[in-house]
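Engineer: I'd like to ask you about the structure that follows.
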Amino acid sequence: MTKRYQFGNPIETEAVLYKPDITKGECEWLQQSGRGFSCHLSRETIVYGLGESVRGINKRGWLYRSFCSDEPEHREDRHSLYGAHNFLLLSGDVYRKEDTEDALPGQKNIGFFFDTPGEIVFDIGYTKSDQMEITFSDFDLELYVMEGDSPDEVVSEFRELAGRSYIPPKWAFGYGQSRWSYETSDDVRKIAEEHKRLKIPLDSVYLDIDYMERYKDFTIDEKNFGDFDQLVREMKEEKIHLVPIIDAGVKIEEGYDVYEEGKEKGYFCKDENGEDFTVGVWPGKCHFPDMLNEEARHWFGDKYHLLTDRGIDGFWNDMNEPAIFYSEKRLEKVFSRMRELMGENLDIDTFFEMTGMVAGIANHREDYESFYHSYPYAPGDRKIRHDKVHNLYGYYMTRAAAESLEKLSPEKRILLFSRASYIGMHRYGGIWQGDNMSWWSHLLLNIKMMPSLNMCGFLYTGADLGGFGSDTTEELLLRFLSFGVFTPLMRNHAAKGTRRQEIYCFENIECFRDILKVRYRLLPYLYSEYMKAALRGTMMFRPLAFRYPGDKIARHVEDQLLLGEELMIAPVYEQNAIGRAVYIPERMKLFRFRGDSIDEERVYEKGYYFVDMPLGDICIFLREGHKIPVADSALRVENVPVEKLEIYSFGEKAEPYELYADDGETREYSLEKNIIRI
Ligand code: GLC
């Protein structure tokens with residue numbers, strides 16, 4: 001049973017779908033102290049949660065700041081990434097407030113959801129290793145507390161509260177190619193052609209900001225994409241979906257209809273003086289549509305039709321933390337200080353002051369404190385300062401799109417994912433994991449983030465495979481893709497100016513092709529697991545500890561994941577590796593996929609083993625008593641022959657597998673109708 005507590009005057013976020021009655025009195029697990037909470041952590045307690053954040057699956061040992069951030073350097077010393085996912089799950093000897101140190105409280109699984117749109121700091125054993133301190137910029141929140149016999153039970157309870165996760169069209173489980181700098185329609189054609197020539201599967205090509213006219217939302221650059229409609233048609237014939245980006249900032253430009261309309265109707269965020277708030281983002285000076293204002297939200301959402309009318313059926317929403325390159329006020333301050341410093345003999349302090357000032361122009365806290373929304377739930381006259389509701393912006397932008405897209409396309413699903421998010425947004429779209437780097441450590445981060453995101457309801461997700469920033473290598477991309485085989489969003493994306501990382505730019509094409517073939521062969525399984533997780537409110541990726549809580553080693557393994565009820569995966573994330581050490585928590589059988597072939601290899605008993613994993617091999621470990629369906633590979637999702645599945649099982653009496661099969665495009669989801677037990 002979920003308990004709900006209120007503190008101060010919470011601002012509604014619409015994160016959860018239903019609200020249990022308020023429990024009077026204090027929460028038995030958390031000590032209230034000033035503007036926050038604290039609780040004692042026993043040595044063995046694992047703290048799960050926080051969705052998109054740095055570091056491990058167990059969040060202990062670091063300080064996390066829940067504040068959606070445009071943070072292209074996901075280094076481990078960072079405190080925030082793009083999402084604000086305020087869900088924690090404590091598993092182990094969780095103490096009640098009144099429990100004493102010497103009386104072990106016993107195994108518990110307690111979930112907490114801190115629902116407040118402003119900033120929260122989670123100090124999880126950072127200041128004191130056995131202490132968790134949670135502090136709020138505004139101590140106005142709803143707190144939901146869930147207890148369960150297992151971590152899975154807590155998660156399910158939370159997800160029931162938070163509502164069903166977004167379901168994309170099935171084609172969005174195919175491989176997607178993206179890059180910031182596809183500058184003409186011919187660049188896009190080339191991608192399709194090269195993949196076709198080399199027989200590499202491909203279901204989508206992403207259009208980054210270059211397709212727009214000077215980065216203006218809902219426009220098409222007539223010079224370089226003048227034949228846009230023709231391009232969409234050609235791609236459709238090839239069964240390739242084009243997925244354009246939409247940014248949060250609307251360019252200030254006379255005559256640009258979105259700008260003119262937004263201005264006239266008062267739909268942009270305002271500054272202290274009631275003027276439209278101006279910031280710099282990709283197009284130069286912009287205004288932010290006030291996504292929190294219902295009318296403005298619908299207005300912005302309805303603009304997506306300009307692209308759906310032209311045959312587009314997928315979008316990615318970006319820069320919606322919202323990212324601010326500069327505000328006019330900040331530039332003025334910096335320029336004027338620079339003028340003062342010109343010609344000076346800069347000593348160490350002044351020099352660092354100067355460089356710090358320039359580095360700090362973007363996403364400056366003061367800027368987030370100097371614009372306003374008109375939010376129906378804000379106290380008083382609806383006007384509320386941005387930082388108080390900061391974490392909702394990306395959520396409401398994506399909600400804007402989702403609500404309108406559902407009206408525009410009531411039958412067919414549309415692909416939609418966002419960069420910034422808050423819990424609640426998981427009902428409207430997926431997320432990608434932002435601007436990672438072509439670093440091995442980011443592949444590991446990607447692996448660890450999956451279960452944390454799943455807990456919070458974000459199922460449709462994946463990282464920029466190959467890494468977004470800096471130069472990738474063939475080996476890194478191969479390993480990234482080998483993990484990406486399992487993530488619902490499987491997209492290769494890179495930044496402008498980095499080494500090209502389309503598959504056809506490398507030598508070992510055969511190896512890449514083999515990996516992608518496995519993705520398509522496993523689609524019936526992956527899609528089923530996705531749909532069941534969405535419709536039942538469960539996780540697709542789980543930490544080993546969830547299933548083997550009594551196994552000391554399994555409890556701490558963070559570089560292997562359970563996928564559905566059947567599989568365990570152990571991705572390689574190190575350069576020059578020929579395989580890796582794998583912990584087998586129970587009897588399992590190794591299936592080695594390579595392109596069209598599958599080798600049923602040995603059975604492993606519980607223990608540690610070194611397993612060979614050359615580049616291009618995809619290893620899955622099947623639990624005893626289970627089976628999985630495998631299809632022949634195909635070049636497009638819709639061509640995967642789902643009527644002709646092979647079954648691979650381990651054990652005499654394998655449980656039937658629940659295959660979820662639907663048309664993959666309508667919005668009629670049903671476990672009863674679409675599950676076949678095979
Ligand atoms: C942001 C996005 C990235 C995109 C770039 C240009 O950095 O996170 O994916 O390529 O903007 O639009």
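The values are calculated or read from the model by the stated rules, or taken from the named source; none is laboratory data. Because the structure is a prediction, the values reported are computed rather than measured. Every residue, glycine among them, receives a Cβ derived from its backbone with ideal geometry; neighbour counts consider all protein chains shown. When the accessible area is computed, the model is the full protein with side chains, heavy atoms only, and any ligands, DNA or RNA have been set aside. Shrake-Rupley method; radii C 1.70, N 1.55, O 1.52, S 1.80 Å.
Engineer: Given a 1.4 angstrom probe, I'd like the percentage of the accessible area of segment 81-151 that is carbon and sulfur, rounded to a whole number.
Structural biologist: 44 percent
Engineer: Further question: So if R0 is 41 Å, what FRET efficiency would residue 383 and residue 336 give, r being the distance between their Cβ atoms, rounded to the nearest 0.05?
Structural biologist: Given R0 = 41 Å and the Cβ-Cβ separation, E is 0.85.
Engineer: Compute the distance in nm between two label points, each set 7 Å from the Cα along the Cα-to-Cβ direction, one at residue 222 and one at residue 581.
Structural biologist: 6.4 nm
Engineer: Take the alpha carbon gyration tensor of segment 327-423, find the square roots of its eigenvalues, order them as a ≥ b ≥ c, and report rounded if a/c is under 1.5; if not, report prolate when a/b exceeds b/c, else oblate.
Structural biologist: Prolate shape, in that a/c is at least 1.5 and a/b is the bigger ratio.
Engineer: A follow-up question, please. Using the Cα atoms of segment 478-562, I'd like the radius of gyration and the largest Cα-Cα distance, Dmax, both in angstrom.
Structural biologist: 16.4, 49
Engineer: Around residue 209, with a cut-off of 14 angstrom between Cβ atoms, what is the net charge of the other residues, counting Lys and Arg +1 and Asp and Glu -1? Spell out each step's value before the answer.
Structural biologist: On the way: positive: 179, 214, 216, 251, 419, 496; negative: 183, 187, 208, 210, 213, 217, 221, 247, 318, 435.
With Lys, Arg at +1 and Asp, Glu at -1, the neighbours total -4.
Engineer: Return, ordered by residue number, the residues of segment 580-613 whose backbone nitrogen is under 20 Å from a label point located 7 Å along Cα→Cβ of residue 152.
Structural biologist: Output list for this probe position: 584-589, 606.
Engineer: Limiting things to C-alpha atoms, what are the Rg and the maximum Cα-Cα separation (Dmax) for the chain, in angstroms?
Structural biologist: Cα-based Rg and Dmax for the chain come out at 24.8, 82 Å.
Engineer: For a quick check: with amide H placed at 1.01 Å from N, whose amide H comes under 5 Å from residue 108's, ignoring anything fewer than 5 positions away on the same chain?
Structural biologist: Distant-sequence amide H within range of residue 108: 92, 93, 94.
Engineer: Next question, about the same structure. With r as the distance between the Cβ atoms of residue 43 and residue 470 and R0 = 56 Å, compute the FRET efficiency 1/(1 + (r/R0)^6) and round to 0.05.
Structural biologist: After rounding, the FRET efficiency stands at 0.90.
Engineer: Per residue, how big is the convex hull of segment 535-678 when only Cα atoms are used? Give it in Å³.
Structural biologist: 143 Å³
Engineer: Mean separation of Cα pairs under 8 Å and 6+ residues apart, divided by the residue count of segment 87-246: what relative contact order is that in percent?
Structural biologist: Numbers: 224 pairs, mean separation 24.9, N = 160.
Here the relative contact order equals 16 percent.
Engineer: Right, another one. How much net charge surrounds residue 350 when only the other residues with a Cβ under 13 Å from the Cβ of residue 350 are counted, with Lys and Arg +1 and Asp and Glu -1?
Structural biologist: Values: positive: 337; negative: 340, 344, 347, 349, 353.
Net charge in that neighbourhood comes out at -4.
Engineer: Can you pull out the chymotrypsin sites (Phe, Trp or Tyr not before Pro) in segment 1-46 whose DSSP state is coil and whose Cβ has at most 12 other Cβ atoms within 10 Å?
Structural biologist: On the way: sites: 5, 7, 18, 29, 37; in loops: 18, 29.
Answer by residue number: 18.
Engineer: Rg over Rh of segment 453-609, using C-alpha atoms and the Kirkwood radius, what does it come to?
Structural biologist: Ratio value, two decimals: 0.97.
Engineer: HN-Hα J couplings of segment 659-672 from phi, Karplus 6.51/-1.76/1.60, θ = phi - 60°, integer Hz, Gly and Pro as x?
Structural biologist: Per-residue couplings from phi come out as 8, 9, 10, 9, 6, x, 9, 7, 9, 8, 8, 7, 5, 4 Hz.
Engineer: Under 5 Å between amide H atoms, partner at least 5 residues away or on a different chain: which partners does residue 317 have, H built in plane at 1.01 Å?
Structural biologist: 246, 417, 418, 419
Engineer: Another one. Find, among the GluC sites (Glu not before Pro) in segment 43-105, those assigned to loop by DSSP (not H, G, I, E, B) with at most 11 other beta-carbon atoms within 10 angstrom.
Structural biologist: In loop regions of segment 43-105 (DSSP not H, G, I, E or B), the sparsely surrounded GluC sites (Glu not before Pro) are 73, 76, 98, 101.
Engineer: Of the cross-linked pairs 270/407; 216/270; 196/407; 108/383; 448/627; 251/388, which ones have a Cα-Cα span greater than 32 Å in the structure shown? Show your work: numbers first, answer last.
Structural biologist: Details: 270/407 29 Å; 216/270 20 Å; 196/407 35 Å; 108/383 42 Å; 448/627 25 Å; 251/388 25 Å.
Flagged as over cut-off: 196/407; 108/383.
Engineer: A follow-up question, please. In whole percent, and with a 1.4 Å probe on the protein chains, what portion of the accessible area of segment 605-649 is carbon and sulfur?
Structural biologist: Of all accessible area on segment 605-649, carbon and sulfur atoms account for 50 percent.
Engineer: Restricting to DSSP loop positions (anything but H, G, I, E, B) with no more than 14 other Cβ atoms inside 10 Å of their own Cβ, which trypsin sites (Lys or Arg not before Pro) remain in segment 195-235?
Structural biologist: 199, 214, 223
Engineer: I want the local charge near residue 653. Using Cβ-Cβ distances under 12 Å, sum +1 for each Lys or Arg and -1 for each Asp or Glu among the other residues.
Structural biologist: Neighbour charge sum, excluding residue 653 itself: -2.
Engineer: Relative contact order of the chain, please, whole-number percent, based on alpha carbon pairs below 8 angstrom and at least 6 residues apart.
Structural biologist: Working: 1590 pairs, mean separation 93.1, N = 678.
Here the relative contact order equals 14 percent.
Engineer: Using 13 Å as the cut-off for backbone N distance, which residues of segment 643-678 belong to the label zone defined by a point 7 Å from the Cα of residue 603 along Cα→Cβ?
Structural biologist: Only 649-654 fall inside the zone, counting backbone N under 13 Å.
Engineer: Would you list, by chain and number, the lysines whose Cα falls below 25 Å from the Cα of residue 199, excluding same-chain residues fewer than 8 positions away?
Structural biologist: The reachable lysines, counting only those whose Cα sits under 25 Å from residue 199, are 170, 190, 236, 239, 517, 644.
Engineer: If you don't mind, another one. Let me know the Rg and Dmax you get for segment 260-329 when you use only its Cα atoms, in Å.
Structural biologist: Computed over the Cα atoms of segment 260-329, radius of gyration and Dmax are 13.3, 42 Å.
Engineer: State the extension gain, in nm to one decimal, for the chain segment bounded by residue 198 and residue 257, taking 0.36 nm per residue of separation less the distance between their alpha-carbons.
Structural biologist: Result for the pair: 17.0 nm of gain on full extension.
Engineer: With a 1.4 Å probe and all protein chains left in place, how much accessible area per residue does the chain have, in Å²?
Structural biologist: On the way: 25030 Å² over 678 residues.
Per residue, the chain has 37 Å² of solvent-accessible surface.
Engineer: Give me the number: length gained by fully extending residue 237 to residue 553, i.e. 0.36 nm times residue separation minus the C-alpha to C-alpha distance, one decimal in nm.
Structural biologist: Answer, rounded to one decimal: 108.6 nm.
Engineer: Only Cα pairs under 8 Å and at least 6 apart count here; give the relative contact order of segment 405-519 as a rounded whole percent.
Structural biologist: In percent, rounded to a whole number, it is 21.
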